[in-house]
1. When D111 is evaluated against the numbered criteria (1) open to solvent by less than 60 Å² (accessible area, probe 1.4 Å); (2) within 26 Å of E27 (Cβ to Cβ); (3) without any contact (Cβ under 8 Å) to a residue 40 or more places away in the chain; (4) of a type in the set (D, E, K, R), which criterion, by number, is the only one it fails?
2. Among the residues of region 61-75, count how many are in a strand (DSSP E or B) and open to solvent by 60 Å² or more (accessible area, probe 1.4 Å).
3. Can you go through A148, A87, A78, A140 and tell me which one is in contact with a Leu (Cβ under 7 Å, 6 or more places away or on another chain), at pLDDT 95 or above, of a type outside the set (V, I, T) and open to solvent by less than 50 Å² (accessible area, probe 1.4 Å)?
4. So, in region 100-119, how many residues would count as being more than 16 Å from R68 (Cα to Cα), touching a strand residue (DSSP E or B) at 6+ places or on another chain (Cβ under 6 Å) and not aliphatic (A, V, I, L, M)?
5. For region 1-21, which positions are open to solvent by 60 Å² or more (accessible area, probe 1.4 Å) and either over 20 Å from L188 (Cβ atoms) or in a helix (DSSP H, G or I) (or both)?
6. Name, by its number, the condition in (1) open to solvent by 60 Å² or more (accessible area, probe 1.4 Å); (2) closer than 21 Å to V21 by Cβ; (3) assigned to a helix (DSSP H, G or I) that does not hold for R205.
7. Of a type in the set (D, E) and surrounded by fewer than 18 Cβ atoms within 10 Å (Cβ to Cβ), is that true of D58?
8. Among the residues of region 145-163, count how many are within 18 Å of the chain's Cα centre (by Cα) and part of a loop (DSSP other than H, G, I, E, B).
Amino acid sequence: MQLAGPHVYGPPADPENAKAVLRRAVELGVDHLDTSDFYGPHVVNELIRAALHPYPEDLVIVTKVGYRRTPDTSWVPARSPRELRDAVHDNLRNLGVERLDVVNLRVGGADDPASVEEPFTVLAELREQGLIGELGLSNAHEHHLDQALAIAPVACVQNMFNVVDRGDEKMVDRTARDGIAYVPFFPLGGFTPFQHDVLVEVAGRHGATDRQVALAWLLHRSPNVLLIPGTSSIRHLEENLASAELHLSEQDLAQLDTIG
């Protein structure tokens, strides 16, 4: 998301830097990229293709459909059968692949649909056609997950969750029980990262940054958690990855629980 221009719209100021971030991520062992063709739109997928195609065999690229962008940079729901099919084909073309590894259906927000049965059925049909490998949900509630599972397997759920905003605790536990990956978006709070004295205090004990502690907390939270911290900086990328080596003690975790 952060590799596009302002408001996730248009090209970045320095496309070569964006491609360098992608290449460095793969060099460091990252094998899971989160994207969407409505980032830009098209811009981020085109950058991924320019930087990394042909892709490493173990690289999993996860994309999202269900929204489109308008010239005023708005995010507009796009979940009709035709819009979903067009979005899948746009992702295939702009990523330069014959099959998308994972496609998440983006729901939620002010336009939260009561049912995902129709759009998820469309994606399940595209999966049966071999255009999609696995299916997931983004910004979804438990009833959306129930509806989706009645149609096709669900590989992942991507919802907002972090050390400060823990409103999705039940979904974290539910997906862990069901063997579904949980992918918290905005793991550091979003476009304006959160700050908290407790994070700073715990970080000081480990010689780490408060961001690294926040990411490490998520990894400690549940074994099915996969992190997608976005960045346009190689330095931040390397710092984010280093959080995987940070071991939080019981004291640290208890102190961090006072935030939530």
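The values are calculated or read from the model by the stated rules, or taken from the named source; none is laboratory data. All values derive from a computational prediction rather than experimental measurement. Neighbour counts run over all protein chains shown; Cβ positions are idealised from the backbone, glycine included. Side chains included, ligands, DNA and RNA excluded: accessible areas come from the protein's heavy atoms. Shrake-Rupley method; radii C 1.70, N 1.55, O 1.52, S 1.80 Å.
1. The failed condition is (2).
2. So the answer is 2.
3. Values: A87 fails: in contact with a Leu (Cβ under 7 Å, 6 or more places away or on another chain); A78 fails: in contact with a Leu (Cβ under 7 Å, 6 or more places away or on another chain); A140 fails: in contact with a Leu (Cβ under 7 Å, 6 or more places away or on another chain).
None of the others qualify; the one that does is A148.
4. 1
5. P6, H7, Y9, P11, A13, D14, E16
6. (2)
7. Details: of a type in the set (D, E): yes; surrounded by fewer than 18 Cβ atoms within 10 Å (Cβ to Cβ): yes.
Yes; evaluated as a whole, the condition is true for this residue.
8. Let us first name the residues in region 145-163 that are within 18 Å of the chain's Cα centre (by Cα), namely 145, 154-163.
From the residues that got through so far, the ones that are part of a loop (DSSP other than H, G, I, E, B) too are 154-155, 159, 161-163.
Within region 145-163, residues that are within 18 Å of the chain's Cα centre (by Cα) and part of a loop (DSSP other than H, G, I, E, B) number 6.
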